[in-house]
Amino acid sequence: MKPYWLFLFSVIFLISGCSKNSVPDISDTADKSLSSTDGNQTSDPSESSSFPSVPRPDDIRCPAIMETVFPTDDIVIADYIVTNSPYSADSSGKKDSSDAIQRALDDCAKAGGGTVYLPAGQYRLEKGLKIPSFVTLHGDWCPPEHESYPDGTLILACQPSGTEKPALFDIGGSAGVVGLTVFYPEQSLDGIKGYPYTFYTNGIGDSYMLASVKNVTVINGYRGIGACCFESNPHEMLTVENFYGTFLSHGAQVYNQADVGTWKNINIGNGYWLTAGEKYNAPSETKLEAYTMKSTTGLVLGDLEWTEFTGLNISDCAVGIKIVKGKRIEFAGSLAGISIRNCSVGICAEAMDDRWGMLIADGVIEGRLESIWNDSNGIIKLSGVALKGKTAGKGEIADDGQPVSGLVPRLSVGYTKPKAKLYVAALKTGMLGDISAELQKVLDEAGRTGGVVYLPAGTYSLSEPVSVPAGVELRGASSVPTRDQSGKALGTVILCRYGVGDGYDASAPALITLVGKNAGLSGIRIVCVTNSPADRKSTGYLIRGEAEGVYCINCSLVASDYGIDFRSCDKAYIKKLITCCYKESISLGGEGGVIEGCLQNGTVLCRCSSRGLTNWVKEDKIFELVFPITRSECTFIRLENAENTVVYNTFAYGVKHLIETDHASGVSIVNVGADNLGDALLTVNAGSVSAINVMRWNGSSYINKGGKLRLFNRITIHDKYEENTEE
C-alpha cells in the first residue's frame, strides 16, 4: 500500500452525537487541508505582480492546493476551507457544522464561484445545505474499496426525517458535490426513518443546468439522488459519476430532464452499509437483504430525454431499474455496461416513449421473478445482454444476440494530472482588460517546474494567443462541468478578442495552444463575444494541442467557427466539453484519444450571458439564426487519422454531423445521440469504426464512404426497428 494510507484514525463514541447510536470519530483534528510547502509555493512576489504571496492558513479566500489523504484524479484547489477562520467548522462531528459550511458556500458564490473544501474529518449537519450555482463542495473521499473505508470526509446527516424535502444537499447549476461519504446515524432497520433526498436539483432559475454529483458514497441512505420530483419545470444535464450507496427506498429518482444527462459508474447495493460494520449501525446481511429485496428500487427514471448511462451495477433490490410515467414526456435513453443482479425484478418499464424506447448493451440482467418486465408501448433493444430470469409484459423486447463486450470500453481517467504546485494568476489589468501578456508570464514561470496556473473566478479578455507549457494546467474556478445559468455567467470566463475577422482561417495560431506533453485546460468558459450568428465572422481554433497527453476538461466554447484541434496528439483527453461552434467543435487525431460526456447545442450560445456580448442572439431566434448555420456546416466531432479512439456519452442538437471520421481506425463509439440533424449522425471516410447504442432524430444514421463499419443497437424516433449494420 502507498504511504498516504498510513494516516491514522482513532475511534471513540460520540458523547453528544445525533442519538444513542455510535459512530466513529477522528480524534486527530490537526489541519491536514493545506498542501506541502511545494504544493503551495509560488515564485517570489517581487518578481512579478502576477504572483501573490502564499496564502496563510487563516485567510478567508485561499486559493491553495489541498493535500488529500486519499488519492484524487485531479489536483484539488480550494478557494475556501471550512475548518479555517472565520468559519471554523467542527471536524469532530460533535457540533452542528451546517451554518459554518453554508456561510463558506455563500461567500464563495459572492466571490464569483469556486471550490469550498471540507478536509478529512466528521461534519454533523442538522439541516440541509444549498450549493449555489458555480460553487462546488469538495471533500476528501475514501473509495468504498479502500481498506480505510469509510474514513475521509464523513457527513453525519442528522437532519429531520419524515419529510421528502429539503434535501441534505440542494445543488445549483454548474455546481456540484464531490468527494463525500454520508452516514445517517439515526437510521436503523429496527426503526426506519424516511429521510429527504441526499442530493437534489430542482431545475429552477440558476439551478436549471449541469448539477453534478461525483465521487460520493451514501452508507445507509433512504432516498439518494432526486431531480424535479416535486416541481413541474424541467432540468438539464444532471451529471453523476462514481456514485455508491446502500438505500432503503431508492438510489435515485429523476424526472423531467430536457438536455442530456450522463451517468457513469453507478453502484447501488447492500455492501456499502455492511462493509462499514457495526460502528455504522450495519444490520446482518440476511436482515438487510430481506428488507431491500422487498422495498428498495435502485433507479426510478421518469421523463428523461436521451440520457446516457455507462457502468451500472445494481444489486439486492426489489427492482433494479424502474421506468415510470413522466411529467412532460416519457423516457428514452441508452445504457451500456450494465450489471443488475440479485434483484426480484431486474428492469420494470411501466412507461416509455412509444415512438421508440431504450437501448441496453453489454451486461447481465438478473431477476428472481423477471429479468425484464416491459409493460410500456416503447421497445427495449438488447445487444450483448445476458438475461437471467423470464421476461414479461405487453411491451416489446428485442435481442439481437450480438457478442459486443469488446465494444464497450472500461475506462479510467485518461490524462496525467500536473504537479501539485500552484501559480495564482492575480492579474493587474482587471476583469475586462487584456491579460494576454501577463497570463503568458505566469504560464512561462509555471513551465519551469510544472504545476497549475489558477485563474480565479472573473471575466478576462485575451487579445493575443497564449501557450501552456508541458506539465502545466491552466485552471479556472470550476471543479465540475460548467456553462452559463439563466443570466448568470460566474466562474472563470475568457472573452476571446483574438482571431475574429473576415478571412481568418483555421490554420492560424489558436487562442490557447497546449504546446507541451500533458498540458491541459480545465474549468474555463471561452466566448467569442463579437461573433454572434447575427454578425458572424471567420475564426480559427480556440484551443490547439501539439503534444502527447494534452487535455481539456469541464470547459465551454461559444461562438467560434472551430473549437479544439488535437489532431497531432496521442492520448488526448476531452471530457465534459460544452459547445456551440459553427463549423467544428472537436478535431482529434493521434492514438488512444478519449472523448467523454460532451455536448454541442445551439442553446449554449443563446443562453450565454457573459459580459461584453455584441449583437447577441436570444433563444427565440435559435431556429432562425443559429441552426441554419450549424445544421448545414457543423461537424461536432471530426476524427482524422485517429487510432484506437473512444467516444462515449456524447450528444449534439442541431448539427450537420455528430461524428465524421477520415482514415480513422479502431474507433469505438458508445452511447451517442443527435437530435435535429442536418445530415448523417455518423459519416465514415475510410478506416474502421464500431458504434453501439446510437439514438437519433432527423437525417440518417450513417454514410459510409469506403470504410469498415459495424453499427449495433440503433434506434430512431418513429423507427424502432433499425437493423444492425456491418459493411
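Which of the residues that make up region 512-538 are touching a Leu at 6+ places or on another chain (Cβ under 9 Å) and within 22 Å of residue 569 (Cα to Cα)? Correct list: 512, 514, 519, 520, 521, 522, 523, 524, 526.
Could you tell me whether residue 594 is among the β-branched types (Val, Ile, Thr), open to solvent by 10 Å² or more (accessible area, probe 1.4 Å) and under 20 Å from residue 645 (Cβ atoms)?
Numbers: among the β-branched types (Val, Ile, Thr): yes; open to solvent by 10 Å² or more (accessible area, probe 1.4 Å): yes; under 20 Å from residue 645 (Cβ atoms): yes.
Taking the combined requirement at face value, the residue satisfies it.
Restricting to region 623-641, name every residue that is open to solvent by 10 Å² or more (accessible area, probe 1.4 Å) and either in contact (Cβ under 8 Å) with a residue 12 or more places away in the chain or basic (Lys, Arg) (or both). Even if it seems obvious, please write down each step before you answer.
First, pick out the residues of region 623-641 that are open to solvent by 10 Å² or more (accessible area, probe 1.4 Å): 623-625, 628-629, 631-633, 638, 640-641.
Scanning region 623-641 gives 625, 629, 631, 632, 633, 638, 640, 641.
Here region 692-724 is the region considered, the condition is being in contact with a Lys or Arg (Cβ under 7 Å, 6 or more places away or on another chain) and over 25 Å from residue 602 (Cα atoms), and the residue that is most open to solvent (accessible area, probe 1.4 Å) is 722. Among the conditions (1) open to solvent by 40 Å² or more (accessible area, probe 1.4 Å); (2) modelled with pLDDT of 95 or more, the only one that residue 537 does not satisfy is (2).
Based on this model, can you work out whether residue 259 counts as modelled with pLDDT under 95, closer than 28 Å to residue 575 by Cα and not small (Gly, Ala, Ser)? In short, yes. All of 213, 260 fail the test of being among the hydrophobic types (A, V, I, L, M, F, W, C), surrounded by 22 or more Cβ atoms within 10 Å (Cβ to Cβ), in a loop (DSSP other than H, G, I, E, B) and within 18 Å of the chain's Cα centre (by Cα), apart from 260. Taking first residues from region 501-517 that are within 12 Å of residue 542 (Cα to Cα) and among the small types (Gly, Ala, Ser) and partners that are open to solvent by 20 Å² or more (accessible area, probe 1.4 Å) and at pLDDT 95 or above, the Cβ contacts under 6 Å between residues at least 6 apart in sequence or on separate chains come to 506/562; 510/544. Just one of the numbered conditions (1) within 23 Å of residue 387 (Cα to Cα); (2) at pLDDT below 95 is not true of residue 315: (2).
Scanning region 597-622 for residues that are crowded, with 18+ Cβ neighbours inside 10 Å, free of Cβ contacts under 8 Å to residues at least 60 places away in the same chain and touching a helix residue (DSSP H, G or I) at 6+ places or on another chain (Cβ under 7 Å) yields 602, 606, 622.
Note on region 628-667: residues that are more than 26 Å from the chain's Cα centre (by Cα) and not in a strand (DSSP E or B) amount to 6. For region 542-564, what are the residues that are open to solvent by 10 Å² or more (accessible area, probe 1.4 Å) and not in a loop (DSSP other than H, G, I, E, B)? Matches in region 542-564: 544, 553, 554, 562. Quick one: in region 431-461, which of the residues that are among the hydrophobic types (A, V, I, L, M, F, W, C) and more than 17 Å from residue 475 (Cβ to Cβ) is modelled with the highest pLDDT? Ranking the qualifying residues of region 431-461, first place goes to 437. Scanning region 246-257 for residues that are open to solvent by less than 10 Å² (accessible area, probe 1.4 Å) and on the phi < 0 side of the Ramachandran plot yields 246, 247, 248, 251, 252, 254, 257.
For (1) out of contact with any Phe, Trp or Tyr (no Cβ under 7 Å at 6 or more places or on another chain); (2) farther than 22 Å from residue 338 by Cβ; (3) among the hydrophobic types (A, V, I, L, M, F, W, C), each residue gets a yes or a no:
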{"residue": "650", "(1), (2), (3)": "yes, no, no"}
{"residue": "664", "(1), (2), (3)": "yes, yes, yes"}
{"residue": "668", "(1), (2), (3)": "yes, no, no"}
{"residue": "673", "(1), (2), (3)": "no, no, no"}
{"residue": "679", "(1), (2), (3)": "yes, yes, no"}
{"residue": "696", "(1), (2), (3)": "yes, no, no"}
{"residue": "702", "(1), (2), (3)": "yes, yes, no"}
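Inside region 71-158, counting only strands (runs of 3 or more DSSP E) that do not spill past its ends, which hold 3 or more residues that are within 20 Å of residue 456 (Cα to Cα)?
Numbers: elements: 92-96, 114-118, 121-125, 129-131, 135-139, 153-157.
The qualifying strands (runs of 3 or more DSSP E) are 114-118, 135-139.
Of all residues assigned to region 286-302, at least one qualifies as being closer than 20 Å to residue 649 by Cα, in contact (Cβ under 8 Å) with a residue 12 or more places away in the chain and assigned to a loop (DSSP other than H, G, I, E, B).
Of all residues in region 682-711, those that are closer than 13 Å to residue 722 by Cβ have Cβ atoms under 7 Å from Cβ atoms of residues that are open to solvent by 40 Å² or more (accessible area, probe 1.4 Å) and among the aromatic types (Phe, Trp, Tyr), 6 or more apart or on another chain, in 682/702; 711/702.
Hey, does region 416-430 have a residue that's assigned to a helix (DSSP H, G or I), open to solvent by 20 Å² or more (accessible area, probe 1.4 Å) and modelled with pLDDT under 95? Steps first, please.
If we filter region 416-430 for residues that are assigned to a helix (DSSP H, G or I), which is where we start, we get none.
No, region 416-430 contains no residue that is assigned to a helix (DSSP H, G or I), open to solvent by 20 Å² or more (accessible area, probe 1.4 Å) and modelled with pLDDT under 95.
Does region 89-119 hold any residues that are under 21 Å from residue 212 (Cα atoms) and open to solvent by 20 Å² or more (accessible area, probe 1.4 Å), and which are they? Listed by number, the residues that qualify are 102, 103, 106, 107, 109, 110, 111.
Take region 501-521 and flag every residue that is at pLDDT 90 or above and either of a type in the set (Val, Ile, Thr) or on the phi > 0 side of the Ramachandran plot (or both).
Kept after step one, since they are at pLDDT 90 or above, are these residues of region 501-521: 508-521.
The answer is 512, 513, 515, 518.
Could you tell me whether region 497-516 includes any residue that is part of a helix (DSSP H, G or I), open to solvent by less than 10 Å² (accessible area, probe 1.4 Å), in contact with a Phe, Trp or Tyr (Cβ under 6 Å, 6 or more places away or on another chain) and more than 27 Å from residue 176 (Cα to Cα)? No: zero hits. If you filter region 231-246 down to residues that are outside any strand (DSSP E or B) and out of contact with any Asp or Glu (no Cβ under 7 Å at 6 or more places or on another chain), you find that the one that is farthest from residue 175 (Cα to Cα) is 232.
Looking across region 303-322 at every residue that is assigned to a loop (DSSP other than H, G, I, E, B) and over 23 Å from the mean Cα position of the chain (by Cα), the one that is surrounded by the most Cβ atoms within 10 Å (Cβ to Cβ) is identified as 317.
Does residue 140 satisfy the criteria of being open to solvent by less than 30 Å² (accessible area, probe 1.4 Å), closer than 28 Å to residue 578 by Cβ, acidic (Asp, Glu) and touching a Ser or Thr at 6+ places or on another chain (Cβ under 7 Å)? When the stated conditions are applied, residue 140 passes them. Could you please find all residues in region 278-295 being in contact with a helix residue (DSSP H, G or I) (Cβ under 6 Å, 6 or more places away or on another chain) and open to solvent by less than 60 Å² (accessible area, probe 1.4 Å)? If the condition is that a residue be in contact with a helix residue (DSSP H, G or I) (Cβ under 6 Å, 6 or more places away or on another chain) and open to solvent by less than 60 Å² (accessible area, probe 1.4 Å), then 282 is the only one that fits.
On the basis of being under 30 Å from residue 646 (Cβ atoms), among the hydrophobic types (A, V, I, L, M, F, W, C) and part of a loop (DSSP other than H, G, I, E, B), does residue 358 make the cut? Can you show your working first?
Values: under 30 Å from residue 646 (Cβ atoms): yes; among the hydrophobic types (A, V, I, L, M, F, W, C): yes; part of a loop (DSSP other than H, G, I, E, B): no.
It is false that residue 358 is under 30 Å from residue 646 (Cβ atoms), among the hydrophobic types (A, V, I, L, M, F, W, C) and part of a loop (DSSP other than H, G, I, E, B).
Among the residues of region 431-451, those identified as of a type outside the set (Lys, Arg) and either open to solvent by 20 Å² or more (accessible area, probe 1.4 Å) or closer than 22 Å to residue 578 by Cα (or both) are 431, 432, 433, 434, 437, 438, 440, 444, 445, 447, 449.
The values are calculated or read from the model by the stated rules, or taken from the named source; none is laboratory data. All values reported here derive from a predicted model rather than from experimental measurement. Virtual Cβ from ideal backbone geometry, glycine too; neighbours counted across all protein chains shown. The accessibility values were calculated without ligands, DNA or RNA, using every heavy atom of the protein model including side chains. Shrake-Rupley method; radii C 1.70, N 1.55, O 1.52, S 1.80 Å.
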